[in-house]
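Notes follow the structure.
The values are calculated or read from the model by the stated rules, or taken from the named source; none is laboratory data. For clarity, every value in this text was computed on a predicted model and none was experimentally measured. Quick reminder, even Gly has a Cβ in these numbers, built from the backbone with ideal geometry, and neighbours come from all protein chains shown.
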């Protein structure tokens, strides 16, 4: 990982970052960013969001033996936006990959003429695809499935955008018996209010990861400053059997833009992750992320240290208040959400 890094950092940048740049693609493109991640046939596969010079995005696969070096763009694997209909009229973005048995469920953003929405496609090889259509209507994004069902129902984490400004954008969870009909929606992680790093707007990072303590979530938040927005990452933990129950949520961010390739690009000061892979030792976690909406990078973390960090840096979880109660002016502090 990167030389000269602060040893106290939980996520350590790879010294070879960025691992993928626009010029690594076989044709000229504007940016590569926000990849989903999976292990396929013993190789790390990143499903890249590639923004073409048209401004529209498609999904392109890159593979590596060690998940760090020797990346090869696969000309066969990937997913192009549909040319018919409105759901993907302006491209497809930000895939998150969940493996279920021998299939890969890819939840991604369709950029429709009515706004961003959540779509699902299934594949076994990233060549042949079965599109399952729209899971959540506009405006909604930052979505991923759990790899298992709960009492016979699938669970989807997603982030609707409120129609009214000033109300905040929160992480929600919804349930379905068939991956088509969704309901029982509730706020899972509410954006805090005021001076917190994760106030006003939060969204899911990679798909939830099952650990000995429960489902680990990595989520992003957008801090608006006088000089622009900053995208950072934080942690939360859900109950293994009841994913609506928030067991822990960190009180500080754990990864933010620092290096030049994260602070300068199409969208400065952004680290945005859609995929992570737990390696065979059960502790090494590779977190893949887009930097400044321009290039793809990776950071390494110890799963044990991430879980310990949540214990050591808690923020109170109030079971009775899924929203920050200071919206109503009744309390000066935000409440991390549990439905």
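If you scan region 257-269, which residues turn out to be assigned to a loop (DSSP other than H, G, I, E, B) and either out of contact with any strand residue (DSSP E or B) (no Cβ under 7 Å at 6 or more places or on another chain) or buried (at least 20 other Cβ atoms within 10 Å of the Cβ) (or both)?
Scanning region 257-269 gives 257, 258, 264, 265, 267, 269.
Looking only at region 271-282, count how many residues are part of a loop (DSSP other than H, G, I, E, B) and either buried (at least 24 other Cβ atoms within 10 Å of the Cβ) or out of contact with any helix residue (DSSP H, G or I) (no Cβ under 8 Å at 6 or more places or on another chain) (or both).
Total meeting the criteria: 3.
With respect to residue 2, is the statement that it is in a loop (DSSP other than H, G, I, E, B), modelled with pLDDT under 95 and surrounded by fewer than 14 Cβ atoms within 10 Å (Cβ to Cβ) true?
No; evaluated as a whole, the condition is false for this residue.
Which condition from (1) in a strand (DSSP E or B); (2) buried (at least 22 other Cβ atoms within 10 Å of the Cβ) is the one that residue 286 breaks?
(2)
I need the full set of residues from region 35-50 which are surrounded by fewer than 23 Cβ atoms within 10 Å (Cβ to Cβ) and free of Cβ contacts under 8 Å to residues at least 40 places away in the same chain, in order please.
Residues satisfying the conditions are 41, 42, 43.
Being surrounded by fewer than 22 Cβ atoms within 10 Å (Cβ to Cβ) and either on the phi < 0 side of the Ramachandran plot or in a strand (DSSP E or B) (or both) is the requirement here; does residue 32 meet it?
no
Just name the residue that is farthest from residue 135 (Cα to Cα) out of those in region 183-205 that are assigned to a loop (DSSP other than H, G, I, E, B) and within 19 Å of the chain's Cα centre (by Cα).
Step one: of region 183-205, the residues assigned to a loop (DSSP other than H, G, I, E, B) are 190-191, 193-198, 200, 205.
So of that shortlist, the ones also within 19 Å of the chain's Cα centre (by Cα) come out as 190-191, 197-198, 200, 205.
Values: 190: 21, 191: 23, 197: 30, 198: 26, 200: 24, 205: 18 Å.
Only one residue tops the list, namely 197.
Condition test on residue 179, is it in a loop (DSSP other than H, G, I, E, B) and at pLDDT below 95?
no
Name the residues in region 283-327 that are modelled with pLDDT under 95 and in contact with a helix residue (DSSP H, G or I) (Cβ under 9 Å, 6 or more places away or on another chain), would you?
Answer for region 283-327, where residues must be modelled with pLDDT under 95 and in contact with a helix residue (DSSP H, G or I) (Cβ under 9 Å, 6 or more places away or on another chain): just 318.
Hey, can you tell me all the residues within region 58-68 that are over 15 Å from residue 24 (Cβ atoms) and in a loop (DSSP other than H, G, I, E, B)?
Those that are over 15 Å from residue 24 (Cβ atoms) and in a loop (DSSP other than H, G, I, E, B): 65, 66, 67.
When region 228-252 is examined, which residues are found to be touching a strand residue (DSSP E or B) at 6+ places or on another chain (Cβ under 6 Å), under 20 Å from residue 193 (Cα atoms) and surrounded by fewer than 20 Cβ atoms within 10 Å (Cβ to Cβ)?
229, 230
Go through region 215-244 and count every residue that is in contact (Cβ under 8 Å) with a residue 40 or more places away in the chain, in a loop (DSSP other than H, G, I, E, B) and more than 12 Å from residue 189 (Cβ to Cβ).
Total satisfying the criteria: 2.
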